[in-house]
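The values are calculated or read from the model by the stated rules, or taken from the named source; none is laboratory data. Because the structure is predicted, anything quoted here is derived from the model rather than measured. In this analysis, Cβ positions are derived from the backbone assuming ideal geometry, glycine residues included, and neighbour counts consider all displayed protein chains. Protein only, heavy atoms only, side chains kept; ligands, DNA and RNA dropped before computing areas. Shrake-Rupley method; radii C 1.70, N 1.55, O 1.52, S 1.80 Å.
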Amino acid sequence: MSHTPFDDLPRTPSEHFRLYFFAAVARVLEGLAHSFGSHEAAVEHFPFLAGYRDELAGRVPADSNARATRDWWQRATSEWERTAKDHLPLRALRETAGLDDDCLTMLACAGLVEEDARFGSVFEAAQESPGQRRPNAGLLGAWWRDGEGGDAARANLRRLQSCGLVHVVNHEAPRAEWSLQVPPALWDLLRGDAAEEIAPWARYRAPCALAELDSLILPRTLAAQLAQVPALLASGEAQAIILRGHRHNGRRTVAGAIARSLGKGLLEIDARGAGVGVAQIDEEKWRLAGALAACLNALPVAEFDLAPGETLTLPPLACRTEAVAVALGRQGGVSGEGVERALTLTFEMPARGERREHWRQSLGARACDNLEEISESFRLTGGNIRRAARLACVYSALERRDDVRLCDVRQATRALSRETLETLAARVETEGDWSHLAVCADTLEELRDLESRCRNREHLPREVGACLGAQMNHGVRALFSGVSGTGKTLAARLLAASLGKDLYRLDLSTVVNKYIGETEKNLNQVFARAEELDVILLLDEGDALLTQRTDVSNANDRYANLETNYLLQRLESYEGILVVTTNASDRIDAAFQRRMDVRVNFNAPDAAERWSIWQLHLPAAHEVSRALLDEVARRCELTGGQIRNAVLHAAALALEDGGVVADEHLEAAVRREYRKSGAVCPLRDVNLTSRARASRW
């Protein structure tokens with residue numbers, strides 16, 4: 001059996017790195033010997049190099065010149081590599097990036113100071129640049145010129161830069177004085193240090209930590225398609241896979257399962273660039289991502305949240321990876337050489353059976369008697385179910401219970417991360433039931449029908465003909481119209497309470513943006529987050545946003561119509577529950593009204609309804625006479641909102657007189673409401689006290 005010069009070295013990434021590290025040190029010694037006249041003079045000037053020189057001398061053949069020594073070291077390293085079965089980051093980098101040994105040695109030289117800071121003084125002296133402790137392009141070009149001209153050295157430097165393997169830290173300097181740095185994340189991987197958190201924007205997951213394809217909870221058709229993907233990627237028939245769907249809905253989990261099938265880990269990267277209204281990629285991160293993936297033997301997956309109409313141009317990775325995965329939302333698209341041969345898979349929200357399996361697996365040994373009800377009630381993404389299940393177990397433990405109940409899950413879903421949604425919408429408190437709303441019988445019946453429609457929104461497409469069912473989604477869009485104060489917002493709150501869901505009011509001031517495309521981007525973001533979290537979205541005073549389209553007379557009209565057209569399309573595809581309220585339905589575009597599944601009219605309350613509203617709002621211990629209350633309900637045509645305001649004012653007056661609401665407080669409050677609206681109060685004068693108080697208030 002033949003022996004190689006480095007047989008005593010273990011076949012590990014760290015030892016492979018060490019071989020190239022010493023090859024780079026040899027180049028440094030060679031360059032210094034040329035500058036100082038001999039190796040001895042160089043070592044005398046930099047004493048720490050003596051240890052490196054002695055270790056090299058113990059390995060290389062005696063009496064060989066510098067060129068022969070380099071050639072011997074490269075041959076010995078290649079022989080050592082051939083017997084190494086494990087993945088070697090430097091070898092993978094050389095093969096995927098098309099580098100040669102000289103290029104890898106130059107890369108190691110650029111990073112010497114990362115391993116031994118004393119090399120900083122060497123570079124500083126060799127470059128005659130005080131304070132510049134990293135090698136610059138001119139120095140590396142000189143040390144690698146080797147009497148054959150500088151073209152090869154410059155080509156190697158360009159290749160290292162184009163692959164993202166070295167970064168220039170002083171672009172403002174002349175090119176020859178560019179200081180070069182190996183990215184710390186890459187340097188750690190080259191020396192064999194693989195951690196989960198590689199960089200703030202890059203995270204690695206080993207194959208053993210990834211799910212297997214056949215363990216995923218997916219629809220049968222999608223699972224069958226996924227089973228074919230690894231073979232297509234491995235053969236090169238497909239070079240990328242685009243995974244579309246909501247956030248936290250299994251896109252990265254599927255990418256990890258594909259990676260595991262290919263015998264790889266998963267490299268999750270955030271390569272989003274900074275920009276307003278445009279889809280951008282951070283090219284420096286993207287270049288480096290290919291190198292990191294090669295060093296880790298990992299499938300890179302990048303996630304982008306694109307706005308409607310945005311297209312991201314994805315360049316190919318400089319290091320030729322077997323495949324790349326891109327996770328996208330339902331909007332926007334990608335193009336470019338990096339995704340020329342891409343498979344696209346779309347992940348819908350999990351159906352009830354799939355949700356039940358997510359809950360069952362996530363709750364583990366925890367007992368849960370109402371799993372069916374939980375699966376039916378919360379239409380969440382798979383990832384959100386698993387996060388909510390962990391939180392639900394915590395809430396159950398706080399109550400010292402072993403079982404998980406519906407109340408625990410409701411608390412857990414409310415505690416899910418909602419930062420993105422809450423920047424554009426505000427949560428509205430929900431409490432009560434339909435008995436807290438005084439409306440006519442027809443309106444109440446419509447609201448109960450709406451509640452039923454919301455509860456059965458997933459089942460409804462199966463209960464109609466195939467043609468109609470194919471046109472439907474699981475969204476419910478309701479329009480509440482009527483004059484101000486008739487209970488529209490209250491009805492939305494009671495609907496959310498009846499369904500056990502949170503209610504979020506869309507804040508138009510944060511959504512509407514003067515920059516072209518930003519309004520659509522904000523709307524898409526809030527709609528997508530509301531769908532993922534299964535909350536009810538309230539668009540109060542919706543006529544401000546759902547306005548009628550106008551004839552185009554200038555650029556502003558054109559872009560306003562574009563926003564309206566986008567909103568029309570997004571409403572049609574929305575899969576959540578949306579409530580739009582308006583007191584000017586005639587200003588809403590007819591196309592929006594046609595897209596509403598349910599329309600509920602809120603009329604001004606009649607005398608009987610006003611009586612009920614007064615009873616709902618007045619405190620239980622009030623002392624308002626029946627005669628006055630009858631007269632107020634019959635003669636004063638106030639809306640529910642005005643009645644609410646009157647009761648609040650009457651209570652404030654009562655606090656000055658002992659705290660019990662009486663006739664004089666109520667009459668004063670009613671008269672005040674009429675003065676606020678500029679109308680004449682129809683009440684007859686009751687007593688001097690009420691008139692005196694009315695004049696004061």
### Message
Considering only region 400-407, I want to know if a residue exists there that is in contact with a strand residue (DSSP E or B) (Cβ under 6 Å, 6 or more places away or on another chain), modelled with pLDDT of 90 or more, more than 30 Å from LYS488 (Cα to Cα) and not in a loop (DSSP other than H, G, I, E, B).
### Response
yes
### Message
Being farther than 30 Å from GLN525 by Cβ and in a helix (DSSP H, G or I) narrows it down to one residue among ALA224, ALA238; which is it?
### Response
ALA224
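Matching residues to (1) closer than 19 Å to LEU107 by Cβ; (2) modelled with pLDDT of 95 or more; (3) hydroxyl-bearing (Ser, Thr, Tyr):
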{"residue": "TRP143", "(1), (2), (3)": "yes, no, no"}
{"residue": "TRP187", "(1), (2), (3)": "yes, yes, no"}
{"residue": "ALA195", "(1), (2), (3)": "no, no, no"}
{"residue": "LEU210", "(1), (2), (3)": "no, yes, no"}
{"residue": "ALA231", "(1), (2), (3)": "no, no, no"}
{"residue": "ARG247", "(1), (2), (3)": "no, no, no"}
### Of residues in region 444-496 being part of a helix (DSSP H, G or I) and within 17 Å of ARG352 (Cα to Cα), the one modelled with the lowest pLDDT
GLU463
### Task
Looking for whichever is of a type outside the set (Lys, Arg) and under 30 Å from ARG570 (Cβ atoms) here; the options are ALA302, ALA293. Which one fits?
ALA302
#### Entry: When residues of region 426-460 are limited to those that are under 24 Å from ALA528 (Cβ atoms) and over 30 Å from the mean Cα position of the chain (by Cα), the one surrounded by the most Cβ atoms within 10 Å (Cβ to Cβ)
LEU450
### Message
Return the residues of region 161-218 that are over 23 Å from GLY256 (Cβ atoms), polar (S, T, N, Q) and part of a helix (DSSP H, G or I); say none if nothing qualifies.
### Response
GLN161, SER162
### Task
Count, please, the residues in region 592-633 that happen to be closer than 30 Å to ALA528 by Cβ, touching a residue at least 24 places away in the same chain (Cβ under 8 Å) and not in a loop (DSSP other than H, G, I, E, B).
6
### Task
Looking for whichever is buried (at least 18 other Cβ atoms within 10 Å of the Cβ) and under 30 Å from VAL579 (Cβ atoms) here; the options are GLN615, GLN642. Which one fits?
GLN642
### Query
Where residues in region 28-42 are farther than 17 Å from GLU124 by Cβ, in a helix (DSSP H, G or I) and of a type outside the set (Asp, Glu), which of them is most open to solvent (accessible area, probe 1.4 Å)?
HIS34
#### Entry: Tabulated pairs, region 331-343, first surrounded by 20 or more Cβ atoms within 10 Å (Cβ to Cβ), second in a loop (DSSP other than H, G, I, E, B) and hydrophobic (A, V, I, L, M, F, W, C), C-beta under 7 angstrom, 6+ apart or interchain
GLN331/LEU306; GLN331/ALA307; VAL334/LEU314; GLY338/LEU314; GLY338/LEU317; VAL339/LEU314; LEU343/ALA238
#### Entry: Residues being touching a residue at least 60 places away in the same chain (Cβ under 8 Å) and surrounded by 12 or more Cβ atoms within 10 Å (Cβ to Cβ) - total across region 50-71
0
### Message
I'd like the residue in region 594-605 that is at pLDDT below 90 and charged (D, E, K, R) and, out of all such residues, is surrounded by the fewest Cβ atoms within 10 Å (Cβ to Cβ).
### Response
ARG594
### Query
Are any residues in region 306-323 more than 18 Å from GLU237 (Cα to Cα) and either open to solvent by less than 20 Å² (accessible area, probe 1.4 Å) or modelled with pLDDT under 85 (or both), and if so, which ones?
LEU306, ALA307, PRO308, GLY309, GLU310, LEU312, LEU314, ALA318, CYS319
